[in-house]
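Everything below concerns the one structure shown next.
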Amino acid sequence: MATDYQAEIQSLRKTFQKISSVTDPEALRARISDLTEQSAAPDLWDDQEKAQAVTSKLSHAQSELDRLERMETAIDDLGALKDMADEEAASDPETARELYADIDGELANVAAALSELEIRTLLSGKYDERDAVVTIRSGAGGVDAADFAHTLQRMYLRWAERRGYSAKVLDTSYAEEAGIKSTTFEISAPYAYGTLSVEAGTHRLVRISPFDNQGRRQTSFAAVEVIPLIEQTDHIEVPEADIRVDVFRSSGPGGQSVNTTDSAVRITHVPTGIVVSMQDEKSQIQNRAAAMRVLQSRLLLLKQEEEAREKKELAGDIKASWGDQMRSYVLQPYQMVKDLRTGYEAGNPDAVFDGDIDGFIDAGIRWRATGEKAGSQE
């Protein structure tokens with residue numbers, strides 16, 4: 001049956017239009033313009049953390065826009081190639097066949113790229129754009145579980161490497177015999193958290209244990225935790241409207257006044273109720289500045305505690321034992337990796353362990369989006 005190239009190209013164009021309506025190229029261009037203006041500020045690098053954040057956001061936004069524009073151009077080129085092949089069909093059938101063969105190849109490439117772009121439109125959570133921090137812990141299964149945890153670490157690092165993402169191991173606790181007890185690493189890329197968050201859960205491995213001298217089959221578990229990288233700051237802005245400042249005379253032992261002027265300062269942070277008093281400095285201005293520094297430090301600590309609680313909620317409670325697994329890696333008696341939530345499976349575990357997990361991730365993102373929509377309609 002002959003391929004209806006016109007219908008195929010039209011279908012791709014409709015899919016692109018849906019993606020474009022969600023990603024909004026005009027909004028992206030406006031954002032790029034704003035970030036470009038910020039990046040050109042002469043004092044930008046006075047605050048290195050802010051400068052890095054601005055340049056990173058600009059790079060990510062420009063990359064997103066470039067991908068959209070390349071995709072639109074690729075679809076337009078397919079249409080032009082199809083018209084050219086149609087023109088050659090009557091006068092030069094051989095050239096037409098070659099052109100149609102080129103169209104077949106490009107249709108597959110564009111469809112795959114569109115599928116990846118479509119997945120990105122499903123990542124609309126609060127933290128989905130952030131970098132990801134992944135922690136893997138060995139679970140039930142002894143030395144096999146520790147070895148499995150190490151294998152999973154390599155799998156995710158290889159996945160990041162294959163995609164050109166930056167990965168940095170932050171901490172690793174090695175097991176005594178082989179493998180690791182736990183590891184934490186950071187993946188830096190646009191939407192790293194949204195993409196990898198579907199990997200969180202209990203992973204199960206079934207194989208002939210290389211650590212069992214009787215060659216018995218062993219089932220082991222590892223827990224994967226994925227949290228967004230919370231943007232830290234070493235300074236907390238405190239609006240004047242949020243504080244109440246009282247001045248009084250400094251006092252010494254026994255309540256005696258040690259200063260005849262109202263130089264001591266008490267600052268109350270109204271939203272939180274935090275109170276800071278300072279009277280060690282000689283002037284009211286110095287005491288106020290010192291009190292503000294202490295207040296900012298306490299507010300930063302409070303913010304970090306809130307972020308830690310939020311991270312814990314996002315990470316969830318992962319058991320790494322029987323009955324909780326979300327994915328099984330079976331090497332014996334047959335070879336298959338299967339996600340128990342989505343039903344997606346692959347018959348080559350070696351390729352999966354070498355970082356070929358995009359199929360599982362894409363299926364997970366689609367599954368999660370479908371589940372969320374279904375749940376919102378109840």
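The values are calculated or read from the model by the stated rules, or taken from the named source; none is laboratory data. This structure is a prediction, so every number in the text was calculated from the model and none was measured. We place every Cβ from the backbone using ideal geometry, glycine too, and count neighbours over all the protein chains shown.
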On the given criteria, is Gly215 in a helix (DSSP H, G or I) and either of a type in the set (Lys, Arg) or modelled with pLDDT under 90 (or both)?
no
Candidate set: segment 354-372, residues that are surrounded by fewer than 18 Cβ atoms within 10 Å (Cβ to Cβ) and assigned to a helix (DSSP H, G or I); chosen: the one modelled with the lowest pLDDT:
Glu372
Considering only segment 105-125, I want to know if a residue exists there that is small (Gly, Ala, Ser), outside any helix (DSSP H, G or I) and in contact with a Ser or Thr (Cβ under 7 Å, 6 or more places away or on another chain).
no
Single residue of Ile75, Ile9, Ile32 found to be hydrophobic (A, V, I, L, M, F, W, C), buried (at least 16 other Cβ atoms within 10 Å of the Cβ), in a helix (DSSP H, G or I) and within 26 Å of the chain's Cα centre (by Cα)
Ile32
Flag if Ser283 is surrounded by fewer than 14 Cβ atoms within 10 Å (Cβ to Cβ) and either under 41 Å from the mean Cα position of the chain (by Cα) or at pLDDT below 70 (or both)
no
Counted residues, segment 159-190 - those being surrounded by fewer than 17 Cβ atoms within 10 Å (Cβ to Cβ) and either farther than 14 Å from Leu229 by Cβ or of a type in the set (Phe, Trp, Tyr) (or both):
13
Of the residues in segment 200-224 that are surrounded by fewer than 23 Cβ atoms within 10 Å (Cβ to Cβ) and charged (D, E, K, R), the one that is nearest to Lys303 (Cα to Cα) is Arg207
Can you name every residue in segment 196-212 that is of a type outside the set (A, V, I, L, M, F, W, C) and either part of a strand (DSSP E or B) or in contact with a helix residue (DSSP H, G or I) (Cβ under 6 Å, 6 or more places away or on another chain) (or both)?
Gly201, Thr202, His203, Arg204, Arg207, Ser209
Is it the case that segment 131-140 has a residue that's in contact (Cβ under 8 Å) with a residue 40 or more places away in the chain, touching a Lys or Arg at 6+ places or on another chain (Cβ under 8 Å) and of a type in the set (S, T, N, Q)?
yes
Taking the options Glu87, Glu69, name whichever one is surrounded by fewer than 19 Cβ atoms within 10 Å (Cβ to Cβ), out of contact with any Ser or Thr (no Cβ under 9 Å at 6 or more places or on another chain), touching a residue at least 24 places away in the same chain (Cβ under 8 Å) and not hydrophobic (A, V, I, L, M, F, W, C).
Glu69
